[in-house]
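Every number in this text was worked out from the coordinates using simple rules, so none of it is lab data. Everything numeric in this text was worked out from a predicted model, so none of it was measured. Here the Cβ is made from the backbone with ideal geometry for all residues, glycine too, and neighbour counts use every protein chain on show.
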Amino acid sequence: MTEFAAVKAALKTQAVETPSWAYGNSGTRFKVFAQPGVPRTPEEKIDDAAKVHEFTGAAPTVALHIPWDRVDDFAALAKHAEERGLKLGAINSNTFQDDDYRLGSVCHPDAAVRRKAVGHLLECVDIMDATGSRDLKLWFADGTNYPGQDDLHERQDRLSEALSQVYDRLGDDQRMLLEYKFFEPAFYATDVPDWGTAYAHCLKLGPKAQVVVDTGHHAPGTNIEFIVATLLREGKLGAFDFNSRFYADDDLMVGAADPFQLFRIMYEVIRGGGFTSDVAFMLDQCHNIEAKIPAIIRSVMNVQEATAKALLVDRDALAAAQRSGDVLAANAVVMDAYNTDVRPLLAEVRTELGLDPDPVAAYHRSGWAERIAAERVGGQQAGWGA
């Protein structure tokens, strides 16, 4: 059995990036549900993210979304984060909300629209320079709804050209993270619909281009851990967007729908050597009906629990069972680790780090929710505007 001391040491190094947009108002396609105390500015989003890190000790960075988090002085925003014990993480681009992007952005048939989209992506790299961010995260809503609407081959050429322009602008220590999504909002053909398409473009671009695996962006029954294992084997897994889904891209709390899947994914991450800072572990969630900060704290804890269980897999016993062809014994090794209650172990880790063993309870005792509800009155609450 893996030594608990080694597992605890590994867990103390874990970092989960939280998304600025998860702290704002969000909802379904029909309604945005406002909550008291929601941030009105990027600075207030960072203040909330700092509380998640304060109580978990495992969320030291916060991702930004442009233009939702645009400010006049990004260096000052980075300093604001630093003063609260955080760093700014991935810069997420937005090429899906302007009217010009009705037929696509970087894949649009009109060269003027493509230039506008690429200009935005280059602006995001400028923001990375100002904030010290390493990663530019790209997700494109580009695609078509009807057969014959556009030339599929040409759209891939346009995508390749745009990515190359942005790739050439990256600094030596910066990366491009390309995300895929198999449908929505395009329903006939999505331009980056799967990990293979993302991988092909990243492979062509070079070592600073990596693939993002969003756990909600797959067809039912897809073996996500196989994708993870393959991308790690090829050196092309750059990041995760963690969330849960029941049907499509539901953006529910990670580990809520299928915690066993999250455990299997984390095992392949560890097995493949991906439990390092080279793979960014990010949340990409939408907290519609639940309180936002406690939900994000709980999400970080869910990732920690899945990781702890994955670290407890007896890999020597598993390898021996696999070599002997003992199917049931091999599965039993995996299930023994998954069925372990790791909450006491994580409580020990937090105590050793000087944290409260129960982050959610500590947050509720802190009075932060009541404070922001009283102070954040007036102004425009942050939200994604559906």
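From most to least packed by mean Cβ count within 10 Å, the peptides 335-341, 206-212 give 206-212, 335-341. Applying a DSSP loop filter and a limit of 15 other Cβ atoms within 10 Å to the chymotrypsin sites (Phe, Trp or Tyr not before Pro) in the stretch 96-164 leaves Phe96. Remark on the stretch 15-112: ratio of C-alpha radius of gyration to 2.2 N^0.38 Å is 1.24.
Among Gly216, Gly104, Gly148, the residue with the largest mean-square fluctuation in a Gaussian network model of the chain, with springs joining Cα atoms closer than 10 Å, is Gly148. Full extension of the chain between Ala332 and Glu154 gives 59.1 nm of extra length, using 0.36 nm per residue less the Cα-Cα distance.
Per the Debye formula on identical point scatterers at the alpha carbon atoms of the stretch 236-285, with no solvent, log10 I(q)/I(0) at q = 0.29, 0.31 Å⁻¹ is -1.12, -1.17. Normalising the Debye intensity of the stretch 155-303 to I(0), with uniform scatterers on Cα atoms only, and taking log10 at q = 0.13, 0.15 Å⁻¹ returns -0.61, -0.80.
The length gained on full extension between Ser277 and Phe183, counted as 0.36 nm times the residue separation minus their Cα-Cα distance, comes to 30.9 nm. When the inverse distances between all different Cα atoms of the stretch 154-204 are averaged and flipped, the Kirkwood radius reads 11.9 angstrom. Remind me, relative contact order of the chain in percent, using alpha carbon pairs under 8 angstrom and six or more residues apart? Relative CO of the chain lands at 22 percent. For the stretch 151-220, chymotrypsin sites (Phe, Trp or Tyr not before Pro) meeting the loop criterion (DSSP other than H, G, I, E, B) and having at most 11 other Cβ atoms within 10 Å: Phe187.
For the stretch 316-386, the alpha carbon positions stretch 67, 38, 16 Å along the principal axes, listed from largest to smallest. Placing dummy labels 7 Å off each Cα toward the beta-carbon, the span from Thr351 to Asp173 is 3.8 nm. Over the chain, one equal point on each Cα, no solvent: what is log10 I(q)/I(0) by the Debye formula at q = 0.07, 0.08, 0.14 Å⁻¹? Here log10 of I(q) over I(0) equals -0.32, -0.42, -1.28.
Calculated on the alpha-carbon coordinates, the convex hull of the stretch 75-223 measures out at 127 cubic angstrom per residue.
The equivalent ellipsoid of the stretch 237-386 has semi-axes of 35, 19, 13 Å, largest first, where each one is the square root of 5 times an eigenvalue of the Cα gyration tensor. Charge dipole (Cα centre; +1 on Lys/Arg Cβ, -1 on Asp/Glu Cβ; no other charges) of the chain amounts to roughly 320 debye.
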